[in-house]
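Visitor: Mind having a look at this structure? Questions to follow.
Where a number appears in this text, it was derived from the coordinates with a stated rule and is not lab data. All figures in this text were calculated on a predicted structure; none of them were measured in a lab. Counting neighbours? That spans all protein chains shown, and the Cβs are built from the backbone with ideal geometry, glycine included.
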Amino acid sequence: MIRNESLYPDYDVLALQDEWDANTREVVTKRLGPFEFKLLSPWQQDMVKTLARQLAWENRDEVLSWIAAHLDAELRSPEGEAQRKPGIPPQKELITAGLEALERWAKEKYFKGFLSIKAEQQLEFLQLLEVGGMPQDHGWNTDKQKELFKKLVGLVISAHYSHPWVWSEIGYGGPAYPRGYVRVELGLTDPWEPKPAKQAERGS
């Protein structure tokens, strides 16, 4: 496993998986892959991973692949969205059309597809998308652009912080069931939870 910089460099939440019930263990370990895609094409998967590099500041392909797989599952889910603004299409349509729009805008400005332009140019597009500053062609008005950005951020970040490698980096002890967090109401950590490296050094 390749780690980003972490306050918990020696912590691995997966070492605690025997404390989880079988269903929880299966759900979490499936996030390590391999993944099956039923909606997103290989190009769409690469687009999602490229966007996630910018939105989650993540470079590990294993984590990026999980983010794409999570998005694939979310867009296929029969469950309805909690709320949607008037004129905004369902998230499946919004995001798949949004990927095509980013590709078109990249070709119009740089004569290259979105995956082929520089990382800083991709970031610039996302910054403009956030405020509705991209070209308002093909029905992409300000509100629709902002909603696309908001939806992408929400799905990408929620997937990123559900990956066990990221849990290890932020010192999250994993699912509470069935063991539970006993001391949390007192503002304390349980003995099995990690301590930041510097704090651990002071305590040794």
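Visitor: Applying the Karplus parametrisation 6.51 cos²θ - 1.76 cosθ + 1.60 with θ = phi - 60° to the phi angles of the stretch 115-120, what ³J(HN,Hα) value in whole Hz is obtained for each residue in order, glycine and proline being reported as x?
Guide: My calculation for the stretch 115-120 gives 5, 9, 7, 5, 4, 5 Hz in order.
Visitor: Additional query: For the pairs LYS30/LYS150; LYS30/LYS85; LYS109/LYS144; LYS92/LYS144; LYS49/LYS92; LYS85/LYS118, note any where the Cα-Cα span goes beyond 24 Å. List each step's numbers first, then the result.
Guide: Numbers: LYS30/LYS150 26 Å; LYS30/LYS85 34 Å; LYS109/LYS144 20 Å; LYS92/LYS144 14 Å; LYS49/LYS92 17 Å; LYS85/LYS118 33 Å.
Table pairs above 24 Å Cα-Cα are LYS30/LYS150; LYS30/LYS85; LYS85/LYS118.
Visitor: What is the stretch 1-124 by shape, rounded, prolate or oblate, if you read a ≥ b ≥ c off the alpha carbon gyration tensor as root eigenvalues and call it rounded for a/c under 1.5, prolate for a/b larger than b/c, and oblate otherwise?
Guide: On the way: a/c = 2.41, a/b = 1.42, b/c = 1.69.
The shape class here is oblate.
Visitor: Pop out the ³J(HN,Hα) list for the stretch 145-157 in order, Karplus 6.51 cos²θ - 1.76 cosθ + 1.60 with θ = phi - 60°, rounded to Hz; leave Gly and Pro as x.
Guide: Computed from phi, the couplings for the stretch 145-157 are 5, 4, 5, 4, 4, 4, 5, 4, 4, x, 5, 5, 5 Hz.
Visitor: Would you mind classifying the stretch 50-114 by shape? Square roots of the alpha carbon gyration tensor eigenvalues, ordered a ≥ b ≥ c; an a/c under 1.5 is rounded, otherwise it is prolate if a/b is larger than b/c and oblate if not.
Guide: Values: a/c = 2.45, a/b = 1.16, b/c = 2.11.
Taking the square roots of the gyration eigenvalues as a ≥ b ≥ c, the stretch 50-114 is oblate.
Visitor: Also: With θ set to phi - 60° and the Karplus curve 6.51 cos²θ - 1.76 cosθ + 1.60, what are the ³J(HN,Hα) couplings of the stretch 57-74 in order, to the nearest whole Hz, using x for Gly and Pro?
Guide: 6, 10, 10, 6, 4, 4, 6, 4, 5, 5, 4, 5, 5, 4, 5, 4, 5, 5
Visitor: Based only on the alpha carbon positions, what is the Kirkwood hydrodynamic radius of the stretch 20-90, in angstrom? Don't skip to the end; give the middle numbers.
Guide: Values: mean 1/r = 0.0726 Å⁻¹.
Final number for the Kirkwood radius of the stretch 20-90 is 13.8 Å.
Visitor: If I take every Cα pair under 8 Å that is 6 or more residues apart in the stretch 90-180, average their sequence separation and divide by the length, what percent do I get for the relative contact order?
Guide: Working: 49 pairs, mean separation 17.3, N = 91.
The value is 19 percent.
Visitor: Quick one: putting +1 on the C-beta of Lys and Arg, -1 on the C-beta of Asp and Glu, what dipole do you get for the stretch 58-131 around its Cα centre, in Debye to the nearest 20? Intermediate results must be reported in sequence, preceding the final value.
Guide: Details: 10 positive and 14 negative charges, 61 e Å.
For the stretch 58-131, the charge dipole is close to 300 debye.
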